[in-house]
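The values are calculated or read from the model by the stated rules, or taken from the named source; none is laboratory data. Bear in mind the structure is a predicted one, so any value in this text is a computation, not a measurement. Cβ sites come from the backbone with ideal geometry, for glycine too, and all protein chains shown count toward neighbours.
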Amino acid sequence: MKALCLLSCLALVTSHAADGVPPITTRLRVATCGHSFHVFTYRQVEQIAASAGFKHELAGLSSIGGSTVQKHWDVPEEKSAVKQVLKAGGADVLTLSPIWLPDDAIEQFVKLGVEHNPALRVTVQEYWMPNDEYEPVYPLQTKKKVDHNATDLSKLRDATLRYAKDIESYVKSINERLGKDSVFIVPVGMAAVTLREKIVKGEVPGLNQQSELFRDNWGHAMLPLQILSSYCHFAVIYRKSPVGLPVPVAFRAIKDISDDHKAKLNTLLQQIAWDTVSTHPMSGIKKA
């Protein structure tokens, strides 16, 4: 009986290893270009990685509010810490966060980085829908009146899926022109929809309304949504589940959620992040 159990466990482990890509446990140098829906991940992921025992090096940050990736590319090299580190081959991962597509500078950053470090991985954030709708227009509609608690979540999931498919198609085309998979997707948007659905069902400790995830109509993230996003980025960057890691330092500062609820909420955010990332076809977790 023991032998049979051992063989069954071994088969399960072998099957899992065959289906997925091994986690990364070596030191990673991570650079970031982003706006206010993304730049907080730069230091939060570092803290999460440290709690997992990984050596995570902050390699360079370009932070521009309301930015397309093009705005980061337009920064002259002598003023761009990210361009300088890429040209020196000093980054293993570059995280980018476009708003709407197309955004030609994604490919320009990829080419610059891969030229000086062929092993560079570039992640593209699929973020949650601002204003709870997929309206890819400029100038950005930051002044709309939105009641996040009244949003039809079935329509929001459909809109997020349409946006996600557009990103997948765009990233796939870059990888095809590059001749290899160097660009991956961090599916934060889908994870955010899942979290909101659970809030409505009363399944999220410490959170009672969807609006508690946002600090304004446009959709700037409060800490629970920020941490969910950072767990998604951690999972893609390290190809490892965050489930079981301690409550992040930033999360401990929330005053209106009890410590017990913080711990349970933290575990739920970790699980949503891993379930979303590990099943996404372009996160780099699953083998092609």
Extreme residue, modelled with the lowest pLDDT, among residues of the stretch 179-216 that are basic (Lys, Arg) and more than 30 Å from GLU107 (Cβ to Cβ): ARG215
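Kindly establish whether ILE199 is assigned to a helix (DSSP H, G or I) and within 16 Å of the chain's Cα centre (by Cα). Step through it out loud before you land on a result.
On the way: assigned to a helix (DSSP H, G or I): yes; within 16 Å of the chain's Cα centre (by Cα): no.
No.
Quick check on GLY53: is it surrounded by fewer than 16 Cβ atoms within 10 Å (Cβ to Cβ) and either among the basic types (Lys, Arg) or at negative phi (or both)? Give the steps one after another, and end with the answer.
Working: surrounded by fewer than 16 Cβ atoms within 10 Å (Cβ to Cβ): yes; either among the basic types (Lys, Arg) or at negative phi (or both): no.
No.
One residue is enough: does the stretch 66-87 have a residue meeting the conditions within 20 Å of SER169 (Cα to Cα) and of a type in the set (A, V, I, L, M, F, W, C)? Lay out the reasoning, then the answer.
We begin by selecting, within the stretch 66-87, every residue within 20 Å of SER169 (Cα to Cα); these are 68-70.
Remaining after also requiring of a type in the set (A, V, I, L, M, F, W, C): 69.
Checking the stretch 66-87: at least one residue is within 20 Å of SER169 (Cα to Cα) and of a type in the set (A, V, I, L, M, F, W, C).
Conditions (1) out of contact with any strand residue (DSSP E or B) (no Cβ under 7 Å at 6 or more places or on another chain); (2) in a helix (DSSP H, G or I), marked per residue:
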position	(1), (2)
TRP100	yes, no
LYS111	yes, yes
TYR127	yes, no
VAL137	yes, no
GLN141	yes, no
VAL146	yes, no
ASN149	yes, yes
GLU168	no, yes
GLU203	yes, no
The conditions are (1) under 14 Å from ALA192 (Cβ atoms); (2) of a type outside the set (Asp, Glu); (3) surrounded by fewer than 18 Cβ atoms within 10 Å (Cβ to Cβ), and GLY219 fails exactly one of them. Which is it? (3)
For the stretch 1-42, name all the residues that are part of a loop (DSSP other than H, G, I, E, B), modelled with pLDDT of 95 or more and either more than 27 Å from GLU126 (Cβ to Cβ) or small (Gly, Ala, Ser) (or both). SER36
Unmet requirement for PHE251, which otherwise passes all of (1) under 26 Å from ALA49 (Cβ atoms); (2) touching a residue at least 60 places away in the same chain (Cβ under 8 Å); (3) aromatic (Phe, Trp, Tyr): (2)
Considering only the stretch 240-288, state which residues are crowded, with 20+ Cβ neighbours inside 10 Å, in contact with a strand residue (DSSP E or B) (Cβ under 9 Å, 6 or more places away or on another chain) and outside any helix (DSSP H, G or I). HIS280, MET282, SER283, GLY284, ILE285
Return the residues of the stretch 106-150 that are closer than 26 Å to ASP181 by Cα, among the acidic types (Asp, Glu) and crowded, with 19+ Cβ neighbours inside 10 Å; say none if nothing qualifies. GLU107, GLU126
Contact list, first residue from the stretch 152-178 and farther than 27 Å from SER211 by Cα and modelled with pLDDT of 95 or more, second anywhere and acidic (Asp, Glu) and crowded, with 17+ Cβ neighbours inside 10 Å, beta-carbon distance below 8 Å, six or more apart or interchain, is ILE174/GLU107; ARG177/GLU107
Selection from the stretch 98-120 of residues over 16 Å from ALA81 (Cα atoms), aliphatic (A, V, I, L, M) and under 18 Å from the mean Cα position of the chain (by Cα) yields ILE99, LEU101, ILE106, LEU120
